[in-house]
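Below is one structure, written out as structure tokens; comments come after it.
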Amino acid sequence: MNFSGDGWGDGGMEGPGFHYFPPGENPDLTPFAEMSGRALRRVIERMDLEILVLALRNAQPRVVERVLRNVSSKNAAHIREEIERADSGESERSVEARQMLMQTAYAMKNHGDITFDGPADDAIPPLDRTLEEGLAAFHSSDSKAEHAVSLIVALAAWAEQHGLLSLEPALERSPDGIFSTGLRMLVDQAPWDEAEMILARQIESSLGAVERNKEIAIEGALAILDGVSEDRARARLVAFLPEGEADYERLPGVRFSPSAQATVDIISLCVELAGLASRDEGGAIAERLEWIQEPLLKTGLKWALEGATIEDVERLLSRKGQTRLDRERRKLECLAEGFMLIREGHPVDFIREALGGYIEDEA
């Protein structure tokens, strides 16, 4: 463990507000049992998790329990496990960690960021209306980078006021995916280089799925307009799956990720519509049009019904699909950068300005 850093700010341990402890002095951690939950969470967010673990070894039980109530459930379990596994007795490393923890707290107190006065209330308020609306807008099917910016700004404001842990309830309102992954790592205060790598990998995987589903939707629309049978439409579309027909045959027994489920749904719908079109020459398609959820497929069939040629449909859908892919990329990259800025503790106005370029690119 490297104890050379200060765990707070950029000014070092000997900057303004520095509280000196003589070598070997074991600081009293009682203030952590008495300060407000908001203040406690703000101190914890400035600390490396393993330094926090060392500082809590052999600490007063009420201090330990207070800290555990103000970290995520994952981090609380890790801290408890590490404390129980540790040898009894004080170690030089634990004393140094406590000094670092208290020096961080004193520096924040002297800068006016926190106070040591209670009440010792750990309650986290429910998400406000701005956050609720931001989550709903971001998770809608037509969300864009501007929705990501609005949500990140709302998350940053909430975290600034109540601490990162206060963002955990947003996970209950979010489906599995890149947003929930990034938010979970933010709440758990995961090392950001690790979080950044995971998010980058998920973004590329998600964009790959969007690209694949775009191609399937376009090919499905063309197959329907070509008047091919269900079997021929299926053969054309399963070619986009990694193992082709073999993948499609075992689909009903597989539990899918959201992007994979979307692939399955598009193929199944296109095969069904191809059968209807080949038997009814388009009449059934017109009746079903308003119920089709896949935007590219719906748009292509609508254009065809309005008289567009197959060549026009293919060209226009390719252009529209690329625009959709570019929009999704901007949104996800904006989200990842926003999480990083929150984790680094930047002010809300700075985050809003830093992410503004994603909206400008979208205009």
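The values are calculated or read from the model by the stated rules, or taken from the named source; none is laboratory data. A quick note: this is a predicted structure, and the numbers were derived from the prediction, not measured. Note that we place each Cβ from the backbone using ideal geometry, even for glycine, and neighbour counts take in every protein chain shown. Calculation scope for accessible area: heavy atoms of the full protein, side chains included, ligands and nucleic acids excluded. Shrake-Rupley method; radii C 1.70, N 1.55, O 1.52, S 1.80 Å.
Go through region 128-139 and give me each residue that's open to solvent by 20 Å² or more (accessible area, probe 1.4 Å) and under 22 Å from residue 188 (Cβ atoms). Passing the criteria: only 139.
For every residue, the table says whether it meets (1) buried (at least 19 other Cβ atoms within 10 Å of the Cβ); (2) outside any helix (DSSP H, G or I); (3) free of Cβ contacts under 8 Å to residues at least 24 places away in the same chain; (4) at positive phi.
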{"site": "169", "(1), (2), (3), (4)": "no, no, no, no"}
{"site": "180", "(1), (2), (3), (4)": "no, no, yes, no"}
{"site": "189", "(1), (2), (3), (4)": "yes, yes, no, yes"}
{"site": "197", "(1), (2), (3), (4)": "no, no, yes, no"}
{"site": "207", "(1), (2), (3), (4)": "no, no, no, no"}
{"site": "215", "(1), (2), (3), (4)": "no, no, no, no"}
{"site": "221", "(1), (2), (3), (4)": "yes, no, no, no"}
{"site": "233", "(1), (2), (3), (4)": "yes, no, no, no"}
{"site": "242", "(1), (2), (3), (4)": "no, yes, yes, no"}
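Here is the figure for region 287-306: residues that are open to solvent by less than 60 Å² (accessible area, probe 1.4 Å) and over 36 Å from the mean Cα position of the chain (by Cα) total 1. Given the criteria touching a Gly at 6+ places or on another chain (Cβ under 7 Å) and open to solvent by 50 Å² or more (accessible area, probe 1.4 Å), does residue 70 qualify? For residue 70, the condition - touching a Gly at 6+ places or on another chain (Cβ under 7 Å) and open to solvent by 50 Å² or more (accessible area, probe 1.4 Å) - is not met. Taken as a whole, region 140-148 holds no residue that is in contact (Cβ under 8 Å) with a residue 12 or more places away in the chain, hydroxyl-bearing (Ser, Thr, Tyr) and crowded, with 18+ Cβ neighbours inside 10 Å.
Can you pull out every residue in region 75-109 that is loosely packed, with under 14 Cβ neighbours inside 10 Å and outside any loop (DSSP other than H, G, I, E, B)? Passing the criteria: 77, 81, 84, 85, 92.
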